[in-house]
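The structure under discussion appears below in the form of structure tokens.
Values in this text are rule-based calculations from the coordinates and carry no lab data. Because the structure is a prediction, the values reported are computed rather than measured. Here the Cβ is made from the backbone with ideal geometry for all residues, glycine too, and neighbour counts use every protein chain on show.
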Amino acid sequence: ETISQLLALTYFSVLSNNFSGSIPKNFGKFSPSLIDVELSENNFSGELPPDLCTGFKLRKLTAYNNNFFGPLPKCLRNCSALTRVQLEENQFTGNITEAFRVHPNLSFISLGGNHFFELSNCKGLQSLNLSHNKLYEDIPTELGNLASLQYYLDLSSNSFSGAIPQNLEKLVMLMILNVSHNHLSGKIPLSISHMLSLQSVDFSFNNLTGPVPTDGIFQTTTAEAYVGNSGLCGEAKGLIHCSSQHKSGSFGVKKIVLVTITPFCSVLFIVMIIFGILKFHQKSKEHGEESKSTEEYQLFHHTVLGRDARFTFSEILEATKDFNEMYCIGKGGFGSVYQAELPTGEIFAVKRLNVIDSSEIPKLELQSFENEIKTLTGVRHRNIIKLYGFCLWKKQMFLIYEFAERGSLTKVLYEEESLELSWDTRVEIVHGIAHAISYLHKLAQTMRVTEKCDVYSFGVVVLEIMMGKHPKDLLTTMSSIKSLSSMENLHAKVLLKDVLDQKLTSPRDHLAYLVMVIMSIAFSCTHVAPESRPTMRSVVQHISASITKQAYCTESFDLVTISQLMGFHN
């Protein structure tokens with residue numbers, strides 16, 4: 001209750017602690033100068049205090065990832081100074097329009113993962129995230145009046161029905177539109193192709209029908225954006241041509257190859273799969289009666305392909321001439337990778353695993369393994385290389401992936417192309433990898449596995465991306481030091497700019513701040529003690545919040561030392 005008596009309180013932040021319980025009801029009532037309230041990433045519950053905006057000066061309210069519930073405080077209705085509200089992943093309910101009435105400066109609202117049931121009409125918004133709520137009926141046409149929307153409009157994972165409003169074309173500055181996982185019907189409006197600022201759209205998993213527009217953003221959008229709409233057709237690669245819609249026995253969408261430079265996440269897949277194989281091999285010793293050769297089970301070859309695969313393993317064999325060395329494009333610790341180009345023009349990467357003889361795996365365990373493969377083929381994430389399936393052939397195991405056109409991150413990082421990797425591009429790469437690993441950890445949260453090894457590996461990759469070389473010397477030094485004070489003393493004179501990739505000039509302004517955050521997170525992820533490493537979920541949240549925060553360094557970037565980064569992102 002004592003914090004309620006701080007009359008001159010201006011900023012209040014308890015970000016990323018383990019605080020629980022409720023916020024005192026009088027908090028803010030006697031603090032008319034309150035400008036910024038940060039309650040995110042704790043275990044707070046109850047309702048938000050009713051007098052947060054007593055002095056009408058509150059500009060930022062962030063309380064994501066807690067257990068708050070109930071309606072939003074009525075005081076927010078007339079809090080005209082408000083610029084940013086971020087309350088995702090709570091249990092809030094109520095009418096969004098009633099909560100936000102007169103907000104001429106409000107530019108960012110993120111309310112995903114709550115239970116709101118009506119939309120807002122704040123004309124100054126630049127970003128609006130209302131995903132994973134309980135919004136239903138038609139998408140309000142009033143959204144077309146939010147002319148300031150510039151970054152994203154995310155309405156995914158609700159219960160919207162009806163047609164996509166035509167007047168969304170009025171959002172001429174919008175970059176990202178996501179209406180996936182709803183119950184929308186009808187055609188994709190041709191008017192959306194006139195939104196020249198659009199960089200990404202997602203219409204997947206609705207009930208949309210008819211031809212997909214061909215101009216504007218639709219010229220570069222892949223079939224990934226249309227998956228789960230049984231009635232869509234079009235000229236885009238991966239979609240069934242409209243003329244063949246009624247001739248096909250199963251009218252579906254074929255996924256196409258995505259270009260990515262996040263091979264680190266595909267390695268995670270391979271590690272998971274090989275771990276499963278070795279586990280099954282170990283168990284085979286305990287199943288004497290079941291350990292008959294699987295030759296009977298795989299008379300010729302056995303294939304497990306995901307629903308998105310529209311090819312056969314025989315086509316893969318033909319495309320690689322039975323895995324001739326001339327089609328081998330890389331070799332590593334897990335196996336060799338072959339490029340297979342089908343007559344359709346689609347290209348796949350096929351990895352032949354360096355594992356035990358597949359015929360030694362008992363039939364029962366092999367079937368369990370195949371079930372796991374089927375699950376992995378259903379994983380969809382923009383930063384994860386797609387796994388289409390696997391095949392047993394001549395007692396060898398093959399994994400079939402989408403083809404990453406630009407090759408490996410190592411190639412881009414160490415060869416002449418490294419000059420293309422500007423600081424902002426490297427921040428984007430790190431952000432994407434973090435999202436992918438966090439997504440995989442979320443999928444595996446019911447499994448009895450540890451995530452901290454992945455966190456450490458992520459930290460190593462981040463350091464390598466930012467330093468332009470493997471950080472083995474730095475990591476060796478860090479692992480040999482027993483106390484934080486010794487670590488700080490050692491690095492007190494080591495400048496951050498001298499550790500970063502010397503091929504690039506030092507970043508400036510907001511980008512300099514982001515580089516500091518990224519490097520600090522990398523140090524946390526590579527902490528010697530696994531229990532001291534952050535979760536990937538918190539890493540994603542820190543990076544995302546930092547990108548949108550528009551903060552700047554408080555001192556010259558060229559004077560920042562490594563020791564100052566220890567705990568910086570907290």
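What ranking of R537, R59 emerges when the number of other C-beta atoms within 10 Å of each C-beta is taken as an exposure proxy, fewest first? Please list the in-between numbers first.
Working: R537 19, R59 16.
Exposure proxy ranking, most exposed first: R59, R537.
Using the structure shown, list the pairs from K351/K469; K25/K134; K411/K503; K25/K549 with a Cα-Cα distance above 23 Å, or answer none. Numbers along the way, then the final one.
Details: K351/K469 26 Å; K25/K134 27 Å; K411/K503 15 Å; K25/K549 28 Å.
From K351/K469; K25/K134; K411/K503; K25/K549, over 23 Å: K351/K469; K25/K134; K25/K549.
Determine, from the Cβ-Cβ distance of T10 and I547 and an R0 of 25 Å, the FRET efficiency 1/(1 + (r/R0)^6), rounded to the nearest 0.05. Write down the numbers at each step before the final one.
Numbers: r = 25 Å, r/R0 = 0.98.
In this case the efficiency is close to 0.55.
What residues qualify as long-range amide H neighbours of S22, i.e. H under 5 Å apart, gap of 5 or more or another chain, H built at 1.01 Å from N?
For S22, the qualifying residues are S45.
Using modelled backbone amide H atoms (1.01 Å from N, in-plane), which distant-in-sequence or interchain residues come within less than 5 Å of C233's amide H?
Those lying under 5 Å, H to H, from C233 are G210, V212.
Could you list which residues have their amide H under 5 Å from that of I139, counting only those 5 or more apart in sequence or on another chain, with H placed in the peptide plane?
S161
If the chain between F19 and K395 were fully stretched, how many nm would it gain, using 0.36 nm times the residue separation less the Cα-Cα distance? Mind dumping the intermediate values first?
Values: separation 376, 0.36 × 376 = 135.36 nm, distance 5.46 nm.
Additional length available on full extension: 129.9 nm.
For the stretch 136-239, what is the largest minus smallest coordinate of the Cα atoms on each principal axis, given in angstrom and ordered from greatest to least?
Extents along the principal axes: 34, 28, 18 Å.
When Y552, Y401 are ordered from fewest to most other Cβ atoms inside 10 Å of their Cβ, what list results?
Y552, Y401
How much space per residue, in cubic angstrom, does the convex hull of the C-alpha atoms of the stretch 1-95 take up?
Working: hull volume 7.7 nm³, N = 95.
Per residue, the Cα convex hull of the stretch 1-95 comes to 81 Å³.
Cut-off is 10 Å between beta-carbons; in what order do K351, K497 appear when sorted fewest neighbours first? Walk me through the numbers before you get to the answer.
Values: K351 23, K497 17.
Sorted ascending by nearby Cβ count, the order is K497, K351.
Starting at the first residue of the stretch 158-172, write each ³J(HN,Hα) from the Karplus equation 6.51 cos²θ - 1.76 cosθ + 1.60 with θ = phi - 60°, in whole Hz, x for Gly and Pro.
Once rounded to whole Hz, the list reads 10, 10, 5, 10, x, 8, 6, x, 5, 7, 4, 4, 6, 7, 6.
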